[in-house]
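Step one of this worksheet: look at the structure below.
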Amino acid sequence: MSTTHLTQTRGRKWRVAGIAAAVIALPSISAAALTTAKAPVKAKIVHTPVSSPLRVRSDRPCPDNMAHVGTSCVDRYEGSLVEITAEGREVPFSPYAAPNGKNVRAVSRAGAVPQAHISMVEAKRACKASGKRLCRAGEWKAACKGPEATRYPYGNTRVAGACNDTNRVSPMNVLHRGERTARTMNDPLANQQERTVERTGDTASCTNGYGVSDMVGNVHEWTDDGSFRGGYYLDTKLNGEGCDYRTTAHAPTYYDYSTGFRCCADEGSLPDES
């Protein structure tokens with residue numbers, strides 16, 4: 001089945017408000033008033049410092065959209081992508097298409113469809129383009145388990161539906177009668193089926209004291225050791241329970257409808273917004 005049905009992620013809409021100049025009608029001034037007018041008082045000039053447009057490192061360990069975990073900053077949300085056009089503009093990149101060779105960078109935003117169809121190679125490149133890196137296995141696991149070091153983000157006992165991992169539908173069964181090939185598993189329609197992937201942060205119970213979301217279920221997340229972690233919406237148990245889920249079966253160039261990512265950085269290395 002061939003399709004080019006791609007949709008954009010829900011992003012922030014920036015509105016630029018225009019500033020209208022008011023035209024004020026001045027009253028007429030008589031000649032007599034002009035001859036008796038006092039000399040104008042010289043205005044005192046106050047110099048107001050102008051903030052620098054340069055992005056500098058913050059005194060805080062992590063930007064608001066990243067969680068402080070040990071000595072690391074971890075994106076609060078699964079990664080999505082923006083593409084940089086030839087004119088230098090950033091436009092949303094489809095989460096239902098592979099970004100191979102595209103000029104993209106990673107962003108972490110609530111309410112976005114997380115990027116799937118991404119390999120470890122492309123995920124590393126996207127994180128680097130945003131001044132970050134792909135999460136290391138240890139820091140990813142620490143962020144997932146939370147300050148209490150539990151098996152799941154929300155506790156030690158699995159709660160069905162607390163993360164996006166219950167009552168889901170296999171898009172391969174719906175679209176391709178169970179056929180699993182490179183072509184079918186990268187069908188752009190896969191994650192557009194109902195009861196598949198959820199927008200970042202929408203499963204409100206799938207978080208912990210660090211404030212990171214969706215680290216179990218939703219989409220697999222590549223880490224820099226060549227594994228992907230946390231499971232996805234159809235499986236969070238086959239290769240380990242919850243935050244201990246780890247798949248090592250695929251090459252760094254592998255991708256399909258289930259593979260996503262998240263970025264990390266060293267504390268104090270990023271500006272306030274990244």
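Every number here is computed from the coordinates shown, using simple stated rules; none is lab data. Worth saying up front: this structure is predicted, and the values here are computed from it rather than measured. Positions of Cβ are generated from backbone atoms using ideal geometry, with glycine treated the same way; all protein chains shown enter the neighbour counts.
Would you work out the relative contact order for the stretch 200-272, in percent, from Cα pairs under 8 angstrom that are 6 or more residues apart?
About 25 percent, as a whole number.
Subtract the Cα-Cα distance of Asn156 and Glu83 from 0.36 nm times their separation in residues, and report this length gain in nm to one decimal.
22.4 nm
Let me spell out the model: positive unit charges on the Cβ of Lys and Arg, negative unit charges on the Cβ of Asp and Glu, origin at the Cα centre of the stretch 222-274. What dipole size does that give, in debye rounded to 20?
320 debye
Using 24 Å as the Cα-Cα cut-off, could you pick out the over-long pairs in Lys124/Lys237; Lys102/Lys124; Lys102/Lys145; Lys102/Lys128; Lys102/Lys132?
Those over the limit are Lys124/Lys237; Lys102/Lys145.
What number, in percent, do you get for the relative contact order of the stretch 187-234 if the mean sequence gap of Cα pairs under 8 Å and at least 6 apart is divided by its residue count?
With pairs under 8 Å counted, the relative contact order is 27 percent.
Output the peptides 147-153, 257-263 sorted from most to least packed, where packing is the average of other Cβ atoms within 10 Å over each peptide's residues.
257-263, 147-153
Can you work out ³J(HN,Hα) from phi for every residue in the stretch 157-171, in order, using Karplus 6.51 cos²θ - 1.76 cosθ + 1.60 and θ = phi - 60°, giving whole Hz and x for Gly and Pro?
Once θ is set to phi - 60°, the couplings for the stretch 157-171 become 9, 5, 10, 4, x, 5, 10, 7, 8, 9, 6, 9, 10, 7, x Hz.
Mind giving me the nanometre distance, one decimal, between the label points for Val169 and Thr253, set 7 Å out from Cα along Cα→Cβ?
3.4 nm
Going by C-beta contacts inside 10 Å, put Glu179, Glu78 in order with the fewest on the left.
Ranked by crowding around the Cβ, least crowded first: Glu179, Glu78.
For Cα pairs less than 8 Å apart in space and 6+ apart in sequence, what is the mean separation divided by the residue count of the stretch 61-274, i.e. the relative contact order in percent?
Relative contact order comes out at 31 percent.
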